[in-house]
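Notes for the one structure printed next.
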Amino acid sequence: KAMSTYYQRARDLVASPEAKKAFDIRSEPESVRKAYGYTALGQCALLSRRLVEAGCRFVGVDHSGWDHHFTIFPSLEKDMLPHLDRAYSALINDLEQRGLLDSTLVVLMGEMGRTPVVNKDAGRDHWSMAQSILFAGGGVKPGQIIGATDKKASAPTADPVSVEDVLCSVFGQLGIDAGKASYTPLGRPGPVVDGGK
C-alpha cells in the first residue's frame, strides 16, 4: 500500500504540466542547445538544468559507455572527452548565470576509477582504489583539491575520501542527516549512510 502511494505520486509528478514544460527542451533558444552540444550527454545535461529550474531536488544524468577495455584513446579523444567537457561546462555556466549554482550541487563521477596502467588491448579496466570526482556549486568552496594519489594514480597517498564520505556530502547538501537510521517493518535499523563524514 505504501509503495502504491509513491508510484502514484511519481506518475502525478511526471504527468504534471510543469514536468511536460520542463521536458520540452525544444523551447530553449538554439544558442543554449548548441552550447550544451547536440549529443545525448549535452541534451541530457540541458534537460537536467531545466528540471532543476522546475524544482526537482535530485536529477541524475547517466552517460554509459565509459568502459574502455580496448582502444581507449581514440574513443576518449574524439567522442567522450569533448562531449563531456562541453556539456559539463555549459551546465555549470548556465546554472551560474541563472542564479541556481549556489543551491545546486553538481557531482561528476563514474562508478569507479580505471586502472593506472593501459592493458594489452590499449584499454583500461575497472579499478576501485582511486578515482577522480568533481563537485561544483551547492555551497562547495571552489578551487579545492582534496586528496592525492601516487604518481600512477593507483592508490591514495593523502586525505583519502571514501564512498561514504561522498555520500555524506551529497546527502548533507540535500538536507538529509546521513547519520540518521530508518527502520524496517521488523524494527531493524538501517543508517542512511554507514559511516563517513
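The values are calculated or read from the model by the stated rules, or taken from the named source; none is laboratory data. Keep in mind it's a predicted model, so treat the numbers as computed, not measured. Cβ placement follows ideal geometry from the backbone for every residue including glycine, while neighbour counts extend to all protein chains displayed. All accessible areas refer to the heavy atoms of the entire protein, side chains included, with ligands and DNA or RNA removed. Shrake-Rupley method; radii C 1.70, N 1.55, O 1.52, S 1.80 Å.
If a residue has to be in a helix (DSSP H, G or I), touching a strand residue (DSSP E or B) at 6+ places or on another chain (Cβ under 7 Å) and open to solvent by less than 60 Å² (accessible area, probe 1.4 Å) to count, how many in region 170-182 make the cut? Before you say what the answer is, go through the steps one by one.
Of all residues in region 170-182, those in a helix (DSSP H, G or I) come to 170-173.
Checking which are touching a strand residue (DSSP E or B) at 6+ places or on another chain (Cβ under 7 Å) leaves us with 170, 173.
This time we only want the ones that are open to solvent by less than 60 Å² (accessible area, probe 1.4 Å), so: 170.
Of the residues in region 170-182, 1 are in a helix (DSSP H, G or I), touching a strand residue (DSSP E or B) at 6+ places or on another chain (Cβ under 7 Å) and open to solvent by less than 60 Å² (accessible area, probe 1.4 Å).
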Please indicate, with yes or no, whether at least one residue in region 183-196 is touching a Gly at 6+ places or on another chain (Cβ under 6 Å) and either touching a residue at least 24 places away in the same chain (Cβ under 8 Å) or open to solvent by 50 Å² or more (accessible area, probe 1.4 Å) (or both). no
Lone unmet requirement of (1) more than 23 Å from GLY138 (Cβ to Cβ); (2) among the hydroxyl-bearing types (Ser, Thr, Tyr); (3) in contact with a strand residue (DSSP E or B) (Cβ under 9 Å, 6 or more places away or on another chain) for SER64: (3)
Filtering region 83-141 down to residues that are out of contact with any strand residue (DSSP E or B) (no Cβ under 6 Å at 6 or more places or on another chain), among the hydroxyl-bearing types (Ser, Thr, Tyr) and in a loop (DSSP other than H, G, I, E, B) yields SER103, SER128, SER132
Contact list, first residue from region 115-139 and open to solvent by less than 40 Å² (accessible area, probe 1.4 Å), second anywhere and small (Gly, Ala, Ser) and outside any loop (DSSP other than H, G, I, E, B), beta-carbon distance below 8 Å, six or more apart or interchain, is ALA130/GLY113
Mind checking which helices (runs of 4 or more DSSP H) fall wholly inside region 1-59 and carry at least 3 residues that are in contact (Cβ under 8 Å) with a residue 24 or more places away in the chain and open to solvent by 30 Å² or more (accessible area, probe 1.4 Å)? 17-23, 40-53
